1. Only one of A:294, A:320 is crowded, with 22+ Cβ neighbours inside 10 Å, among the small types (Gly, Ala, Ser), within 7 Å of chain B (Cβ to nearest Cβ) and closer than 21 Å to residue A:75 by Cβ; which?
2. Restricting the search to region A:340-383, which residues are basic (Lys, Arg), within 12 Å of chain B (Cβ to nearest Cβ) and open to solvent by less than 50 Å² (accessible area, probe 1.4 Å)?
3. Among the strands (runs of 3 or more DSSP E) lying completely within region B:174-250, list those that include at least 1 residues that are loosely packed, with under 14 Cβ neighbours inside 10 Å.
4. Please enumerate the residues belonging to region B:313-342 that are more than 12 Å from chain A (Cβ to nearest Cβ), within 24 Å of residue B:261 (Cα to Cα) and open to solvent by 40 Å² or more (accessible area, probe 1.4 Å).
5. Answer yes or no as to whether residue B:310 is more than 9 Å from chain A (Cβ to nearest Cβ) and part of a helix (DSSP H, G or I).
6. Return yes when residue A:185 is touching a Cys at 6+ places or on another chain (Cβ under 7 Å) and either within 24 Å of residue A:119 (Cα to Cα) or not in a loop (DSSP other than H, G, I, E, B) (or both) and no when it is not.
Amino acid sequence: MDCRFSEEQVLLRDSVKKLMAKHCPPEVMRKLDHEKSYPYALYDAWVEAGLLALPFAETYGGLGGGAVDAAIVMEEISRTSADLSMMIGGSLFCGLNIQRKGSDEQKRHWLPKLVKGEIKMSISMSEPDAGSDIGAMRTVARRDGDHWVIDGQKLWATGAGAKHNVINVYVKTDPKAHYRQSLSLFLVDNDTPGVELRKLDMLGRYCTGTYEIFFKEVRVPAERLIGGENKGWDCVMSGLQVERVIAAASDLGGAQGCVDLALAYAKERKQFGRPIGTFQAIAHMLADMATEVAAARALVYQCASLVDRGEDALRDITMAKLFASETYAKVANQGMQIFGGYGYNREFDMERHYRDARVATVAAGTSQIQRNLIAGLMGLKPQ
Amino acid sequence: MDFGFTDEQNLLRDSVRKLMDKHATPDYIRRLEREQAYPYELYDEWIKAGLLAMPFPEEYGGLGGNAVDLAIIAEEISSRSTDLCMALGGSMFCGLNLLRKASEEQKRHWLPKLLSGEIRFSISMSEPDAGSDVGAMRTAAVREGNGWVINGQKLWATGAAAKNNVINMYVKTDTKAHYRQGMSLFLIDKDTPGIEMRKLDMLGRRCTGTYEIFLKDVKVPADRLVGGEAGLNKGFDFVLSGLQVERVVSAASSCGGARAVVEIASSYAKERKQFGRPIGSFQAIAHMLADMETEAEAARSLMYRAAWMVASGQNALKEITMAKLFCAETYAKLANMGMQVLGGYGYNMEFDMQRHYRDARVATVAAGSSQIQRNLIANLMGHKVQ
């Protein structure tokens, strides 16, 4: 047992921390949030620092890192903003999916571009009627010579509208079969003719942006099919553990961000002649917040290290995603209480976390879906 | 980064499991509970298996294990009964305190006896007016000739009356000084003349037993002052130095209890049918169980990480305090949820869930209440809590 980061990992954490402090200090973050703008310069800085390259194999221009490294990056970025972490999270997750499921030619084509920041990647699966119920998916692709033609509508596509983004979209390629045998994964440039994007007005996570996508006879070359025809569900399942490490680490970072803010405020803010953090009512809230975040951290890194060792971590990582996301939402709410009126004020960062945190228990699999899976793995068959 | 156990630790866990399967069957535990009897036979088996010797250095008859080993033992025993774990926990924790703070002569005298099972140790600190507020302690020892005479009254002394038990008792030796400079630790045989004990009727943890102790002119030889003259008035340092290990044991025990509750509730939910199907197939129950499993795992993860920090010699005060708080609260919370899953059967004294529910309730009180843990955590976060 050795629960410590390696020296390289400590260096990595410190360098991400420094990078975020330099390129995204609080005033920059606030401006980004108010303007709802995508921070291209920050993304470039991540690329330059090798953060995008980190978990990929060296053959494709990567640095050969693992899930713990990816978790460190996600945690540190999310301490500033869980919203921003979704930009790198999307590229990492989609890229790792291609590394696992793409052909050698596809990997050589796509991964170096992704690692160098020439392109970004985002995922798109949900539809108006297909959320947790993937079987209700209606967007389809049909073959037309050496192309596929996609028609349909996607929803809640995070980061789909960013410059040079390639949407990793799951569609049905056999409308009659069960979704486990009929989904396929395509890589679609977001400016392909027939693709229409609409940025949606959401409660939080303004910068990465959430989109509705309309596909009207969108022609996609056959070499953009990843993992084989009707093999999309295998792609989803094979990426589940890494996706949840990334999501859970992001939630963890957001939660830590809330504790950081609330702690600093409680030391400064005076009422009744003394810092409010010296009152037990506030101090004990903060102690509970810090304790729950510490528990989430232990769980997340325990899972990430399991994934790195190639062990089946499905049960553990599902618990980590559930626990970390619920913790983020909970401590953001407690942080609001500690900040009082200032928390409610948009000039302070707490209300941003409160808004950003609310979707943590919904995105990347709702808490309800995680609980179904955990209960299933416990041998219960929830219906 | 590697959160996994070593091969030796996996073996240790398996052997404790096997020992408990064999010697602490559900029937045995239920009978002890009913009779409120101390688990002498089981304690002897623990000694035979070297569980008590595990965390002690070889020169005193120990096996040279560390805090993670300690946690494994406490978790596995507690996955049957957190009550029974306290019988071993007291000996372990007090013994480790001696290892750190006693004179060489005292260590050579006491530790081999403890590890061979000849004697047991229990701790006694609380008094009627001194719970979290240690400063309100009134039991005092005064010098008389070569020895000491102790007068006063102690409360909530776990396992104090077990056969061959030596009470590790904190008393005031300088009544005018602040408790941080006025407490000392004495080793007192439980049948020393002048000691009177009363077993208290408690909601749970009935086997190890909780006692009130009256001390009337109890004469204690000088060599029973831990640390010798150098240990005089240093009792609070002893308390602090043992805090991390005590909390490892306590947190690990709560983890084991929490796991037991999830196992009982989960297997019940698979068997119990209502509306024609197992109740675990209803989302309302399945999701409760998924949350229970998740929180128990988060508690374990936090606890073992903290235990590993202690084992590797790092300052883990904050981490282990968080682990104690979180594991205790989790055990109490999950026991309550388990009662709900078991319905009327949970409330029935023939089933084990009510025992956990009763045993769990004191987890957030014993070995430092949750409120005291939160005070300490907040202070370590830089607040000066009042």
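1. Numbers: A:320 fails: within 7 Å of chain B (Cβ to nearest Cβ).
The match here is A:294.
2. Filtering region A:340-383 down to residues basic (Lys, Arg) leaves A:346, A:352, A:355, A:358, A:371, A:381.
Now narrow it down to the ones that are within 12 Å of chain B (Cβ to nearest Cβ): A:371, A:381.
A:371, the sole residue that qualifies.
3. On the way: elements: B:183-189, B:195-199, B:210-220.
So the answer is B:195-199, B:210-220.
4. B:333, B:336, B:340
5. yes
6. Numbers: touching a Cys at 6+ places or on another chain (Cβ under 7 Å): yes; either within 24 Å of residue A:119 (Cα to Cα) or not in a loop (DSSP other than H, G, I, E, B) (or both): yes.
Criteria met by residue A:185.
Residue-by-condition table, conditions (1) among the aliphatic types (A, V, I, L, M); (2) assigned to a helix (DSSP H, G or I); (3) open to solvent by 20 Å² or more (accessible area, probe 1.4 Å); (4) within 14 Å of chain A (Cβ to nearest Cβ):
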| site | (1), (2), (3), (4) |
| --- | --- |
| B:9 | no, yes, no, yes |
| B:13 | no, yes, yes, yes |
| B:16 | yes, yes, no, no |
| B:22 | no, yes, yes, no |
| B:30 | no, yes, yes, no |
| B:34 | no, yes, yes, no |
| B:37 | yes, no, yes, no |
| B:43 | no, yes, no, no |
| B:47 | yes, yes, yes, no |
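So that you can scan it fast, the table gives a plain yes or no per residue for (1) farther than 29 Å from residue B:83 by Cα; (2) touching a residue at least 12 places away in the same chain (Cβ under 8 Å); (3) in contact with a strand residue (DSSP E or B) (Cβ under 7 Å, 6 or more places away or on another chain):
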position: B:213; (1), (2), (3): no, yes, yes
position: B:221; (1), (2), (3): yes, yes, yes
position: B:241; (1), (2), (3): no, yes, no
position: B:246; (1), (2), (3): no, yes, no
position: B:257; (1), (2), (3): no, yes, no
position: B:290; (1), (2), (3): no, no, no
position: B:308; (1), (2), (3): no, yes, no
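The values are calculated or read from the model by the stated rules, or taken from the named source; none is laboratory data. From a predicted model like this one, the values you see are computed outputs, not experimental measurements. FYI the Cβ positions are ideal-geometry reconstructions off the backbone, even for glycines, and counts take in every protein chain you see. Remember, those area values only see protein heavy atoms, side chains included, never the ligands or the DNA or RNA. Shrake-Rupley method; radii C 1.70, N 1.55, O 1.52, S 1.80 Å.
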